[in-house]
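The block underneath contains the structure these notes are about, expressed in structure tokens.
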Amino acid sequence: MPSHDSAALDGVTHRFIDVGGLSMHIAEAGPDTGPLVLLLHGFPECWYSWRHQLTALAAAGYHVVAPDQRGYGRTGGPSGAARYTMLHLVGDVIGLLDGLGAERAVVAGHDWGAPAAWNTALLRPDRVSGVIGLSVPYLPRGSVPPLQTLRTFYGDGFYMCYFQEPGVADAELGRDPRTTFRRMLHAASGEGPMGGIPVVPPGGGFLDLCPEPDGPSAWLTDGDIDVFVAEFAGTGFTGGLNWYRSMDLSWELSAAWRHAPVTVPALYLAGDRDLVVSFTGGQAMLEGLKDTVPDLREARLLPGCGHWTQQERPEEVSEAMLSFAAALP
């Protein structure tokens, strides 16, 4: 395992918690006695995606925990996509709450972490005092398997469909992780070109959608990229890709929650240049979100922001999270 000295943040400590037999790595900040906030990262990320919120929320008195989720970073995970369903992911969140000795928490998620957060609130509202989704809105379980829907609308080249074939995206993204992170993080940001529907060209790869940045980023340093590269050195990209490869199985297992609403208090934030906002309905999605999240306290698009919400707009996101959490009972 590589050295993680470059990832050191003031006041942030690291340890492992047994979660149903999975040794889950967590980054932790703030007083143990403070209200608990869990921060769930997305793809291809890790606990470090929440570096700004770890310190900001801790300074406000919250006990903040950002795990490396199943398949990622220092946590790693099992082989085989069948062990990465949404039921596994929600189970990991509940197991983490149990391991921390907490009855309830505010659960926040970005990218794939957002469905994990939304579904934790859906399946275990007794354990979630509030849910925060960044980038990915709550999408209730529909009547058709998700990959069928995606292929119908966007074709086999849609990036989630491209990610399905075992070994293909794994090899492409893992060939040169530094290049992968540099190009992907830039391309999907507010500064990059990936603001629309990401469809891989015939015979091409995902990184064909991610050109080299023209220059340094306003929100991402070379040191930040160093951390992501180091954190992925031991596990590669397969664990994260398994989340995509279990989508249809998750759909099959969640039939009992078809069209079910999320009823706990909620906050939704995304960038108006986020590719996910583009392919989930844009402004119309935002306006309709309260139909499936009836206790939605705020839903807002951040102008000029791309996909990496909490990294591109750390102050705005932290302030919105703190305001939301402070208003909870």
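General observations
- Counting other Cβ atoms within 10 Å as a rough exposure proxy, the listed residues His41, His52, His25, His110 run His52, His25, His41, His110 from fewest neighbours to most.
- Per-pair calculated FRET efficiency, R0 = 30 Å: Thr221 and Thr263 via Cβ, rounded to 0.05: 0.15
- Furthest towards positive pole of dipole, Gly61, Ala105, Pro31, structure part the chain, Cβ charges: Ala105
- Table column - 3J(HN,Hα) (Hz), region 298-309, Karplus curve with 6.51, -1.76, 1.60, x for Gly and Pro: 7, 9, 8, 9, 8, x, x, 8, x, 7, 8, 3
- Placed amide H near Trp308: partners under 5 Å, 5+ positions off or other chain: Gly190
- Neighbour counting of Cβ atoms within 10 Å sorts the residues Tyr244, Tyr268, Tyr154, Tyr48, fewest neighbours leading, into Tyr154, Tyr244, Tyr48, Tyr268.
- Per-residue Karplus couplings for region 35-43, computed as 6.51 cos²θ - 1.76 cosθ + 1.60 with θ equal to phi - 60°, are listed in order as x, 7, 10, 9, 10, 9, 7, x, 10 Hz, Gly and Pro entered as x.
- Remark: region 123-130, residue by residue, has Karplus-estimated 3J(HN,Hα) of 7, 9, x, 5, 10, 10, 7, x Hz, where x stands for each Gly or Pro and the curve is 6.51 cos²θ - 1.76 cosθ + 1.60 at θ = phi - 60°.
- A Förster radius of 45 Å combined with the Cβ-Cβ distance from Ala255 to Ala102 puts the calculated FRET efficiency at roughly 0.90.
- Whole-number percent relative contact order across region 5-326, with pairs defined as alpha carbons under 8 Å at least 6 apart: 21 percent
- Residues whose amide H lies under 5 Å from that of Gly271, counting only those 5 or more places away or on a different chain, are Ser135, Leu302; hydrogens are built 1.01 Å from N in the peptide plane.
- Put a dot 7 Å past the Cα of Gln283, heading toward its Cβ, do the same for Leu9, and the two dots end up 3.4 nm apart.
- Two-site FRET efficiency, Ala171 against Glu319, from Cβ-Cβ distance with R₀ of 41 Å, rounded to 0.05: 0.50
- The distance between label points at Ala326 and Met160 comes to 3.6 nm (points 7 Å beyond Cα on the Cα→Cβ vector).
- Distances between placed amide hydrogens fall under 5 Å for Val128 paired with Ala105, all partners being 5 or more residues away or on another chain.
- Dipole magnitude of the chain, debye to nearest 20 (Cβ charges: Lys/Arg +1, Asp/Glu -1, about Cα centre): 740 debye
- For Cys46, Cys210, the sequence from fewest to most other C-beta atoms within 10 Å is Cys210, Cys46.
Quick note: the coordinates plus some simple rules give every number you see, no bench work behind them. Remember, it's a predicted structure, so these values are computed and weren't measured experimentally. Note that each Cβ is placed from the backbone with ideal geometry, even for glycine, and that neighbours are counted across all protein chains shown.
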